[in-house]
1. Which of the following residues is among the polar types (S, T, N, Q), farther than 25 Å from Cys33 by Cα and in a loop (DSSP other than H, G, I, E, B): Gln246, Gln228?
2. Take the stretch 121-142 and flag every residue that is closer than 19 Å to Gly191 by Cα and part of a loop (DSSP other than H, G, I, E, B).
3. Just a yes or no: is a residue in the stretch 270-279 within 21 Å of Leu214 (Cα to Cα) and surrounded by 14 or more Cβ atoms within 10 Å (Cβ to Cβ)?
4. For the stretch 290-317, which residues satisfy the criterion of being outside any loop (DSSP other than H, G, I, E, B) and either open to solvent by 70 Å² or more (accessible area, probe 1.4 Å) or at pLDDT below 50 (or both)?
5. Consider Asp121 carefully, then state whether it is of a type in the set (Asp, Glu) and either under 28 Å from Tyr231 (Cα atoms) or surrounded by 14 or more Cβ atoms within 10 Å (Cβ to Cβ) (or both).
6. Among Asp135, Asp128, which is open to solvent by 20 Å² or more (accessible area, probe 1.4 Å) and free of Cβ contacts under 8 Å to residues at least 60 places away in the same chain?
7. Checking the conditions here, which among Ala64, Ala99, Ala83 is within 22 Å of Gly184 (Cα to Cα) and in contact with a helix residue (DSSP H, G or I) (Cβ under 9 Å, 6 or more places away or on another chain)?
Amino acid sequence: MDLDGIVPIIPTPFDLEEQIDWMALRQLLDFACSAGVSAVCLPAYASEFYKLSVDERRKIIALAAEHVGGRVPVIAQANSVSAVHALELARFAQDAGAAAVAVAVPRQFAVRDRDLLRYFDRILSAIDVPLLIQDFNPGGPSVSPDFLAQLHRMHPHFRWVKLEEPMMAARVHAILDHTGGEVGVLEGWGGMYMLELVAAGICGVMPGLGPADLLARSYRLAKAGSMQEAYDIFQGVLPQIVFSLQNLELYHHAEKRLLAARGIIGKCVVRDLRMDLEAWDAEHIDFLNANILALLDGLKMPRCPVSAGASTVVRLG
């Protein structure tokens, strides 16, 4: 399994009672498979995984693997502070048909590298599919190139790291140098620094699903050396990314409102505990999303591919 492109995080759609809307989840997966992506990932932070029960997370992974049916690889996220629980969910995902597993570095408290090494050693020893490590550490440095190289020597099926930090190009070069290119680097944080980092050697971007097809086109153009064309698309998406990532709960609203405006889902329910939108924030989100729709129209890209269910009724709220 290789990654080279956009790997969107699939949001968790909820009905008006805040229960998982399984039909809408299938529509989201169908849209992702039509968007030119390299793989899909769920349930992650952008899926509101921290509001889901373990049983719900298992059902989401199993449904995704079955419904996608090999059209694109499914990366199942198995986050937990407990190595026991993380490896149990990782093993379940492997058995359910996930092509790879992702686990976020637990950052609730400061942890030494040797302790993180033991944590990931236990998880990797429990699975055979490739592992992606996500590290977002606003309070300090993310995992070091030496740590990643050591873990890859211990477990060659540790294959990728997703980082979410500014001024990341030097870190990308260092990781590729320390691992001989065996550990690929993906950018998170909505793809905010994508164009710079394509040139630095990232193998992919893990943004939200709403603009995934636009980002996929921009990524491919950048990889082909057509930077101005890539920029012309990217600049139309970036304001929405920057605004929504001021707060993760704000992001959930912006992402679901974009998907509803595109006709891919019908409801924009964020599970409680949530941040309720102020009227001016909702108005600005809709303004930014309208500009993304105009960009799609200008590029003659479908707002809602037929495979995603074009008859969906849009109800913002």
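The values are calculated or read from the model by the stated rules, or taken from the named source; none is laboratory data. Remember, it's a predicted structure, so these values are computed and weren't measured experimentally. All Cβ positions, even for glycine, are placed from backbone atoms using ideal geometry, and neighbour counts span all protein chains on display. Calculation scope for accessible area: heavy atoms of the full protein, side chains included, ligands and nucleic acids excluded. Shrake-Rupley method; radii C 1.70, N 1.55, O 1.52, S 1.80 Å.
1. On inspection, the qualifying residue turns out to be Gln246.
2. Scanning the stretch 121-142 gives Phe136, Asn137, Pro138, Ser142.
3. no
4. Asn291, Asp297, Val306, Ala308, Arg315 - these are the residues of the stretch 290-317 that are outside any loop (DSSP other than H, G, I, E, B) and either open to solvent by 70 Å² or more (accessible area, probe 1.4 Å) or at pLDDT below 50 (or both).
5. yes
6. Residue meeting the stated conditions: Asp128.
7. Ala99
Conditions tested, residue by residue: (1) over 22 Å from Ser125 (Cα atoms); (2) at pLDDT 95 or above; (3) among the β-branched types (Val, Ile, Thr).
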{"site": "Ile10", "(1), (2), (3)": "yes, yes, yes"}
{"site": "Ala24", "(1), (2), (3)": "yes, yes, no"}
{"site": "Ile61", "(1), (2), (3)": "no, yes, yes"}
{"site": "Gln77", "(1), (2), (3)": "no, yes, no"}
{"site": "Val81", "(1), (2), (3)": "no, yes, yes"}
{"site": "Val84", "(1), (2), (3)": "no, yes, yes"}
{"site": "Arg91", "(1), (2), (3)": "no, yes, no"}
{"site": "Ala102", "(1), (2), (3)": "no, yes, no"}
